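Engineer: Take this structure first; my questions come after.
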Amino acid sequence: MILTTHQQEYSISTVIRRTVRTTLVAATCSTVLAAGLAACGTVQQLSAAQKVSDAFGKLGDSKSFSAKLSVDATAAQIEAFGAATGEKIGADSAAALSTVSLAVSLSADKPLKDLQSPKGADGKPADPDALLADQALSFSYALTGKGGKSLLELRQVGGKTFAQADLAGFATLVGEDPSEVREMTADLPASVRGALAGKWVSLDAGTLQDFGRSLRGGRGEVGGKAGATPSAPPTLAPGTQENLLKSLKDVFSRDVSFEDKGKQDGKDRVTVSVPSRRLAEDLLKAFQPLAEEIPNLGKLPTTVPSDLPDRKLAMDVLLDHGALSAVTFDLAQLDEKIAPGTSLPIKIAFGKDAPAVQAPAGATEITKADLDSLFGEISGAGRGGLGGGLGGPAEPLTDAQVKELTQGGGLTEQQVRTYSKLGLSFEDIKELAVARA
């Protein structure tokens, strides 16, 4: 969403998306690197690496876990970062971005490391997403703004989904007129309209399944074939898994360094450093010989992207009495044009033994009729509400376009046609297909 009062300003939502994506990649990389070093024995010789490995290894010991992503910078730093990268970030946008955070929480009735994806009749792992439907696991995602004000929250407790959003509050945050939001949602079902005004609603998994079947004409199709059942996800052969693990161990032991930087605010600080381009090239070499044997990796690039910085990247890991406290990463490292002295640190703060995720009180239940009405409004089949505001349904897709959109494996034909009914254009769906491939 671009600020209408500052047409030349950088989109705050773009900044947020890039920040979230980069931070999650950074956190994932640090976890994998620490685990890889621990497995190959190198950490036994490096006390700093041992600390990091042990801290990540302990995350699953408790019955709950939390992580909070935020920009660890002032509004002035954010503005300066925008100027250094050639993207104007206005004062209002910078102030808003400096207050936004995304928190994730998990809780279960057993240690998180003991949770396992359900297995199929053949004994092989079933769809990993089935783990999220396990009633033993509860989780929440919460996007908050200034003063901790809730902008969006999703929870799943006991197999039931709960949601609330302050759409007008989010519009205010990014400089839009909240009255326009209220006009745009005026024709939505009352329960959905309430959810977008900050009231809790609930959705049963069975209701969502019934709605999905109705979109497919009641035929129970999966992947476009009537009567089909989801297949178990492909798994690695033992030999392939061993070869891949050995290759990754070799890469990690060569390319990753750990340095103990002493104390920071009473916590142990360890800096994890990697030569970005060399690590990417070494990982690509490790995966390429096995690409055909690893699900969804048959189309690996042959070279590393030319715009990947050829420099050493570092992230700080903070440990509190041996437990993982936070990971920080400076986004300025990713742009070689930025002069020293300009930074935009992002932070993920971790917590163990957090309060269990609870179902909110007084939630209004979303019915299948509500979903049918919502779908009709979005697709333009209703009374000219959201569908009219978005310009109505998209141009019908040709068979050739549908074929092109499903070739990469990111979307099924049914998903493509559903997105088209929702008003997405061929180019919009193409972007989704590429992102999910």
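Engineer: Starting at the first residue of region 58-63, write each ³J(HN,Hα) from the Karplus equation 6.51 cos²θ - 1.76 cosθ + 1.60 with θ = phi - 60°, in whole Hz, x for Gly and Pro.
Structural biologist: 7, 4, x, 6, 8, 8
Engineer: Moving on to the next point. Could you derive backbone 3J(HN,Hα) for region 163-168 from the dihedral phi with the Karplus parameters 6.51, -1.76 and 1.60 (θ = phi - 60°), listing whole Hz in sequence and x where the residue is Gly or Pro?
Structural biologist: 8, 8, 8, 10, 5, 5
Engineer: Aspartates and glutamates near residue 68 by alpha-carbon distance under 14 Å, same-chain residues fewer than 8 away left out - which ones?
Structural biologist: Result set, ordered by chain and number: 153.
Engineer: Could you work out how far apart the two model spin labels at residue 58 and residue 427 are, taking each label as a point 7 Å from the Cα in the direction of the beta carbon, and quote it in nm?
Structural biologist: The two pseudo-label positions are separated by 5.2 nm.
Engineer: Between residue 320 and residue 146, take the C-beta separation as r, use R0 = 35 Å, and let me know the FRET efficiency to the nearest 0.05.
Structural biologist: Between residue 320 and residue 146 the formula returns 0.80.
Engineer: Right, here's the next one. Taking θ = phi - 60°, what integer Hz values does the Karplus form 6.51 cos²θ - 1.76 cosθ + 1.60 yield along region 267-274, in sequence order, with x for Gly and Pro?
Structural biologist: 3J(HN,Hα) across region 267-274, in whole Hz: 10, 6, 10, 10, 9, 9, 10, 9.
Engineer: Tell me, what is the FRET efficiency for residue 310 and residue 47 to the nearest 0.05, using R0 = 22 angstrom and their Cβ-Cβ distance as r?
Structural biologist: That pair, residue 310 with residue 47, gives E of 0.15.
Engineer: What length, rounded to one decimal in nm, is gained on full extension from residue 250 through to residue 278, with 0.36 nm per residue of separation minus their alpha-carbon distance?
Structural biologist: 8.8 nm
Engineer: Could you work out the local net charge near residue 404, counting Lys and Arg as +1, Asp and Glu as -1, over the other residues with Cβ closer than 12 Å to its Cβ?
Structural biologist: Computed value for this residue: -1.
Engineer: Further question: Given R₀ = 22 Å, what would the calculated FRET efficiency be for residue 343 paired with residue 257, taking r from the Cβ atoms and rounding to 0.05? All intermediate terms of the calculation are to be shown ahead of the outcome.
Structural biologist: On the way: r = 21 Å, r/R0 = 0.96.
About 0.55, to the nearest 0.05.
Engineer: On to the next question. Note down the nm distance, to one decimal, between modelled labels 7 Å out along Cα→Cβ at residue 184 and at residue 115.
Structural biologist: A separation of 3.3 nm, rounded to one decimal place.
Bear in mind these aren't lab numbers, they're just calculated from the coordinates by the rules spelled out. These figures come from a predicted structure and were not determined experimentally. Cβ coordinates were reconstructed from backbone atoms using ideal geometry, including for glycine residues, and neighbour counts include every protein chain displayed.
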